[in-house]
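Let me begin by presenting the structure, written as structure tokens, before commenting on it.
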Amino acid sequence: MDLRGKKVLVVGLARTGEAAVRFLAKKGAKVRVSEVKKAEELKTPREALRGLPVEWEMGGHTVPFFLGAELIIVSPGVPLSLEQLDEARGKGIPVISEIELAFRFLRRPAVGITGTNGKTTTTTMIGAMLKTWGKKAFVGGNIGNPLIDFVAGPQEEEWAVIELSSYQLEGIQKLRPKVSVLLNITEDHLDRYPSFQAYGEAKGRIFENQGKEDFAVLNADDPLTFQFAHRIKPQIFLFSRERSVPAGCFLDGAAILFQGADGTRERFSLERLKVRGTHNLENLMAAIAAAKICGCPREPLQRVIEEFEGLEHRLEWVRDLEGVKFFNDSKGTNVGSVVKSLMSFAEPVLLIAGGRDKEGDYGPLKDLIAGKVKGMALIGEARERMSADLGCLTETVKLPSLEAAVEWAWSRARPGDVVLLSPACSSFDMFANYQERGKRFKEAVWGLKRKPGLRPGLEGRPN
């Protein structure tokens, strides 16, 4: 793709948009930026791009500004249904995502990972497995560094391990990972998509350009994910907690078995596994399958299994206080994620949930709340709806802040209980992002005082 002298519009100036602007300017494009926020509202200041020849449109999008472009690059947070984008497509102007632009310049084989839940953990695991093997690997995309930053450099790494969101996949045309991983599909982002089916199809676009010499890793236990096995061209590898699979990974007691397409097997012990949760077993099986497809031998994979401690804000242990365990699952921003988190505990749970409603169905939580949750504190914009749908199943309160919810949960908790932040909602009503929400939760937990008259239990700060 020759960008020199081409009029290219970047829509949305978050971290990804800023990276795209720098890349395009370096390639000699005539860059313009359209941003709905005013300059003073941006977390990434326009000054970060000072000195680059960029034409700006701030505080809103206008059709003439869009129609002056020859190519439009859309940042992940910008919906492709924008009226201005419709007008541009109607005039024959190509509209693609940053990830598609980056792929046009990628010179290394890619492992692409998508799914509603577990993308970041699985992407990080695969990157760790390749690096432990001794391979250089770029790990980024929807997490960490944008792929466009990697392709702007020398691309010395041997593999690109890329987390892909549905938003990014909406805008692809030629993106083609050597290995694609689809972890699961549950309700999410229904405030952006016209239907659950449309959201699932956006995820499935990861396979769109793959051929028979490529590979796909699919969750055999998730019917919405597994149905792609009958529709796509690449070679299929499966993972399952419930049954053996012809090629891929499955559980066998306290171990994961990997079976190659030729029938050969390798066994990976889980006896020293540090991460908690059924969802992390699924993430681990998917990561092992992808790493084996890349050629990774057994020993580096076993080392990662034993050393990987999980990621912040994803079912993260925070503290034990007087026999009560506190877990931060602030990244649990949808119902499917909270289902997996609740399934990870045999102990009684005091659940803190709520935030900005994503308009999904809370129904899948009902049996788990009735059976596992001894109390529930609801916060944020969604607390009224969540209380109406779920409040009759356990003791439930609606509270004005996260700190108040932590105090309430602690007042109800007894030795052997778990206090779990797993919101089932986005954070944007009360916090800048899920990271800030998780940090505030941990600060509130560490600010708790011992209960008078109770014998101190095991506690300690994580290393």
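The values are calculated or read from the model by the stated rules, or taken from the named source; none is laboratory data. Computed from a prediction, not measured in an experiment: that's the story for all the values here. Cβ placement follows ideal geometry from the backbone for every residue including glycine, while neighbour counts extend to all protein chains displayed. All accessible areas refer to the heavy atoms of the entire protein, side chains included, with ligands and DNA or RNA removed. Shrake-Rupley method; radii C 1.70, N 1.55, O 1.52, S 1.80 Å.
Our coupling estimate for region 310-320, obtained by passing each phi through the Karplus curve with A = 6.51, B = -1.76, C = 1.60 and θ = phi - 60°, is x, 10, 4, 6, 10, 6, 8, 5, 10, 6, 10 Hz, Gly and Pro reported as x. Remark on residue 425: its backbone amide H falls under 5 Å from those of 334, 354, a criterion applied only to residues 5 or more positions apart or on other chains, H modelled at 1.01 Å from N. Shown in residue order for region 123-132 are the 3J(HN,Hα) couplings computed by the Karplus curve 6.51 cos²θ - 1.76 cosθ + 1.60 at θ = phi - 60°: 4, 5, 4, 4, x, 5, 5, 5, 5, 5 Hz (x for Gly and Pro). Compute the FRET efficiency between residue 145 and residue 37 as 1/(1 + (r/R0)^6), taking r as their Cβ-Cβ distance and R0 = 30 Å, and round to the nearest 0.05. Once the sixth-power term is evaluated, E becomes 0.85.
Once fully extended, how much extra length lies between residue 274 and residue 432, figured as 0.36 nm per residue of separation less the alpha-carbon to alpha-carbon distance?
53.9 nm
Scanning residues 5 or more positions from residue 181 or on other chains, those with amide H under 5 Å from its amide H are 112, 113, 114, 217, with H placed 1.01 Å from N in the peptide plane.
Would you work out what percent of the accessible area of the chain, with all protein chains in place, is carbon or sulfur (probe 1.4 Å)? Roughly 49 percent, rounded to a whole number. Between residue 389 and residue 62, the FRET efficiency estimated from the beta carbon spacing at R0 = 45 angstrom works out to 0.65. In terms of packing, defined here as the mean over residues of other Cβ atoms within 10 angstrom, the peptides 16-26, 67-77, 440-450 line up highest first as 16-26, 67-77, 440-450. Close amide-amide hydrogen proximity is noted between residue 161 and 111, 138, 139, 140, each under 5 Å apart and 5 or more residues distant or on a separate chain (H modeled in the peptide plane; Pro and chain starts excluded).
By how many nm would the segment from residue 254 to residue 1 grow when fully extended, if each residue of separation counts as 0.36 nm and the alpha-carbon distance is taken off?
Length gained, residue 254 through residue 1: 86.1 nm.
Along its first, second and third principal axes, ordered by size, region 213-341 spans 53, 33, 23 Å in Cα coordinates. The overall shape of region 87-128, judged from the alpha-carbon gyration tensor, is oblate: a/c is not under 1.5, and a/b is no greater than b/c. Rounded to whole numbers, the Karplus 3J(HN,Hα) couplings from phi for region 411-426 are 5, 8, 6, 10, x, x, 7, 10, 9, 10, 8, 8, x, 6, 8, 6 Hz, using 6.51 cos²θ - 1.76 cosθ + 1.60 with θ = phi - 60°, and x at Gly and Pro.
In the structure shown, do any of 37/131; 292/358; 7/178; 203/398; 398/451; 30/174 have a Cα-Cα gap over 29 Å, and if so which? Beyond 29 Å between Cα atoms: 37/131; 292/358; 7/178; 203/398.
Protection proxy ranking, highest mean first, for peptides 106-118, 376-388, 264-276: 106-118, 376-388, 264-276, where packing is the per-residue count of other beta-carbon atoms within 10 Å, averaged.
For helix 15-26, what angle does its Cα long axis make with the longest principal axis of the chain, in degrees from 0 to 90 and rounded to 10? So the inclination is approximately 20 degrees.
Distance between the pseudo-spin-label points of residue 197 and residue 299 (7 Å out from Cα toward the beta carbon): 5.2 nm. Stokes-Einstein diffusion for the chain, with the hydrodynamic radius set to the Kirkwood value over Cα pairs and evaluated at 10 °C in a medium of 1.306 mPa s, equals 68 µm²/s. Here the chain carries DSSP beta bridges of which approximately 20% are antiparallel, counting only pairs with both residues inside. Each of the peptides 131-138, 228-235 was scored by the mean count of other Cβ atoms within 10 Å over its residues; in descending order, highest first, they stand as 131-138, 228-235. A simple count of charges around residue 6, restricted to other residues whose Cβ falls under 10 Å of its Cβ and scoring Lys, Arg +1 and Asp, Glu -1, yields +2.
Computed from the Cβ-Cβ distance with R0 of 35 Å, the FRET efficiency linking residue 241 to residue 89 stands at 0.25.
Its relative contact order, with pairs defined as Cα atoms under 8 Å and 6+ residues apart, puts the chain at 11 percent.
Where only DSSP H runs of four or more residues are counted, the chain gives -8500 deg cm²/dmol as its mean residue ellipticity at 222 nm, each run worth -39500 (n - 2.57).
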